[in-house]
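The structure under discussion appears below in the form of structure tokens.
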Amino acid sequence: MVRVVSAILVVLLALLVGYALWTVYENTLTPAALGQGPSTNARPAPSGVLSATAARALKAYGGEAVWKDAIAVDSTVTVGGLLFQLKGRNIPPHAKITVDVKRPHTVIDPVDQSGDIGVLDGFSVMILSPSGSIVEQRADACEHLQNASVTTQWDRLNLVYFLGYAFWGYYSLPNQLMRTDIQWTELRDGLLQADYGTNLPVHSRIQRFWFDTNTGLLRRNDYTPVAAARDARAANVVFEHGVSNGIRYTSKRRVKMTFGQYGWALPFPDFITIDVEHWQLR
């Protein structure tokens, strides 16, 4: 019995050490790394003026002219992770997600195995049948969030709201850098903070974005996913980019829980996995 207990303790210790080392690796040698140095600026950029970090990021994703002319993004996506298991709902693999670049409007086709289609338009959501008739709708999804805890089950409309605003935010980020209704602050080189106000559906009003200071590409986006759980702290880490018609886009994201706000990311489990199989700007 002593030997069995000793063996179990050794295994547990090895697992703890391994997890600790994995955490260090994840937060120092991957895109989850936060970089060094304190914030040196707390003054938002003047409306309509891009900071150095924002200008570099916009250029990295195709440039101002491309995104001013853009209308929508069409994509095929597979989404997974612990969150959807806890919430009891997810969209099927290889779903088609289309977002309007200029306003928060997202179409998810299909939203479940029935073949129904989910639509977000601002703060309102609806479920359409394959023939286009309205099956369910909710005028203000914010008034009906099922977010008491991360295990509180979602209905279909909450799923549509969460994924609808999330993908609008992910795909339209280059255009968001130019919006005058979002207040951007460059906290230091490579680190932007956004204040979305109260008129846009987003994960949380205040979010931070870490960009590579050489390439300008997004590495990490931290926020509180209020529609999932009021007190959760998340790091959305970009592990891969793709290229479509010369335009770069984030193709592999892993959303992880963090040690406090803007802290180190827990390497396991993956709260959300996002794999973009097709992406096209039009």
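The values are calculated or read from the model by the stated rules, or taken from the named source; none is laboratory data. All of these numbers come straight from a predicted model, not from anything done at the bench. Counting neighbours? That spans all protein chains shown, and the Cβs are built from the backbone with ideal geometry, glycine included. Note: areas computed on protein heavy atoms with side chains; ligands, DNA, RNA excluded. Shrake-Rupley method; radii C 1.70, N 1.55, O 1.52, S 1.80 Å.
A few notes on this one:
- Solvent-accessible surface of protein heavy atoms, probed at 1.4 angstrom with all chains present, puts 23, 152 in the order 152, 23, largest first.
- Listed residue pairs exceeding 26 Å between alpha carbons, taken from 96/252; 102/256; 96/256; 59/87: 102/256; 59/87
- Computed accessible area, residue 135, all protein chains, 1.4 angstrom probe, square angstrom: 70
- These residues, 133, 204, go from largest to smallest accessible area, 1.4 Å probe, as 133, 204.
- Shown are 114, 51, whose ranking by accessible area with a 1.4 Å probe and every protein chain present, most to least, is 114, 51.
- The spacing between segment 48-74 and segment 141-181, judged by their C-alpha centroids, is 22 Å.
- Reachable aspartates and glutamates from residue 68, criterion Cα separation under 17 angstrom, eight or more residues apart if same chain: 100, 181
- Heavy atoms of residue 123 accessible to a 1.4 Å probe, total area in Å² rounded to 10: 60
- A dipole drawn for the chain from +1 and -1 charges on Cβ atoms has a positive end, and of 80, 111, 53 the residue lying farthest that way is 53.
- Within the full protein context, the accessible area of residue 241 is estimated at about 50 Å² for a probe radius of 1.4 Å.
- Computed extension length for residue 282-residue 59: 78.5 nm, one decimal, from 0.36 nm per residue of separation with the Cα-Cα distance subtracted.
- Phi angles of segment 47-62 translate, via the Karplus equation with coefficients 6.51, -1.76, 1.60 and θ = phi - 60°, into HN-Hα couplings of 3, x, 10, 8, 6, 4, 5, 5, 5, 5, 5, 4, 5, 5, 9, x Hz per residue; Gly and Pro are given as x.
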